[in-house]
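The structure under discussion appears below in the form of C-alpha cells.
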Amino acid sequence: MVTATPLAAFDWLRHEFGTRHTEPLTGRVATLRQTHSATVWTVRQSGGCLGDGDALITGEPGLLLAIRTADCVPILLADPVRRVVAAVHAGWRGTVAGILTQTLGQMRAEYETKPTDVVAAIGPSIGPCCFEVGPEVPLPVLERKADLWEANREQLARAGVGQIWVAGRCTMCEPEQFYSFRRAKDTGRMVSAIGIR
Ligand SMILES: [Zn+2]
C-alpha cells in the first residue's frame with residue numbers, strides 16, 4: 001500500500017492507497033456505485049454500498065470510507081480540527097465537475113470544516129506522462145497529455161486547503177504495483193480508504 005506522510009502523522013485516523021497487492025479491507029466499510037459524478041454522501045451510521053456517487057464524508061469513528069480506482073484519482077481528506085475525513089474518486093469527469101470543491105463545501109456545511117485546516121492526499125493514478133486525451137476532455141492539455149494531479153491540486157488550493165500531498169505515482173508506468181484501465185482494459189481495481197479509529 002501507499003501512505004501519505006502528512007496523514008500518517010495523525011494517530012486518530014487510518015488510511016491507505018491500495019495497490020495490486022493490498023489485502024481486502026475488513027470491518028465496517030462504506031462504498032458507493034461510482035458514476036464519475038460530483039455527488040457526495042455523508043455517512044453517519046451504516047456501512048455497505050450506499051448508492052450512486054463518488055465521494056464519501058464521515059465524522060463517525062470505526063467506519064472506513066472506500067473508493068475503487070484503476071487510473072482515476074483517489075483523494076483522501078482529513079480535517080484534524082473537526083475530526084472529519086473524506087474519500088473521493090476523481091476521474092476527469094469528476095475533476096471537471098468539481099468534486100473536490102463539492103466535498104469541501106459539504107464538509108463545511110455539515111461539520112464546520114475550514115478548508116485551511118484540511119490535509120489532502122492525491123493518490124496513485126494515471127499521470128501526465130501517460131494521460132493522452134482528445135478534445136472531449138475540457139482540461140488544460142500540454143502536448144495531448146492532461147494532468148489530473150495538477151488539476152485536482154489546483155482545485156484544492158483554490159478552495160484554500162492548507163496542506164496537499166501528491167503521491168506522484170503513475171498507474172500506467174508501474175504495472176507491478178498498480179492496475180491501469182488504460183493499459184489493460186479488463187483490469188482490477190485498487191481500493192483506497194480512510195477512517196477515524
Ligand atoms: Zn505514466
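Every number in this text was worked out from the coordinates using simple rules, so none of it is lab data. Here the structure is a predicted model, which means the values were calculated and not measured. Here the Cβ positions follow ideal geometry from the backbone for every residue, glycine too, while neighbour counts run over all protein chains shown.
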- Query: So what's the angle, to the nearest 10 degrees on a 0 to 90 scale, between helix 148-159 and the longest Cα principal axis of the chain?
  - Reply: 40 degrees
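Quick one: which of 5-12, 68-75, 97-104 comes out on top by average Cβ neighbours within 10 Å, and what's the full order, highest first?
On the way: 5-12: 13.2, 68-75: 25.2, 97-104: 22.6.
Highest-to-lowest ranking by the protection proxy: 68-75, 97-104, 5-12.
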- For the range 51-105 and the range 109-137, what is the separation of their C-alpha centers, rounded to whole Å? 9 Å
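Taking the range 132-197, which GluC sites (Glu not before Pro) meet the DSSP loop condition and have no more than 14 other C-beta atoms within 10 Å? Don't skip to the end; give the middle numbers.
Numbers: sites: 132, 136, 143, 150, 154, 176; in loops: 136, 143, 176.
Listed in order of number, the matching sites are 136, 143, 176.
Treating the beta-carbon of each Lys and Arg as +1 and of each Asp and Glu as -1, no other charges, what is the dipole magnitude of the range 5-191 about its Cα centre, to the nearest 20 debye? Working shown, then result.
Details: 20 positive and 20 negative charges, 40 e Å.
With only Lys, Arg, Asp and Glu charged at Cβ, the dipole is about 200 debye.
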- Item | For the range 71-197, alpha-carbon Rg and Dmax in angstrom | 14.8, 44
- Neighbour cut-off at most 12 other Cβ (10 Å), DSSP loop, trypsin sites (Lys or Arg not before Pro), the range 1-46: 44
- Item | Sum of -39500 (n - 2.57) over DSSP H runs of 4+, divided by residues of the chain (222 nm, nearest 500) | -5000 deg cm²/dmol
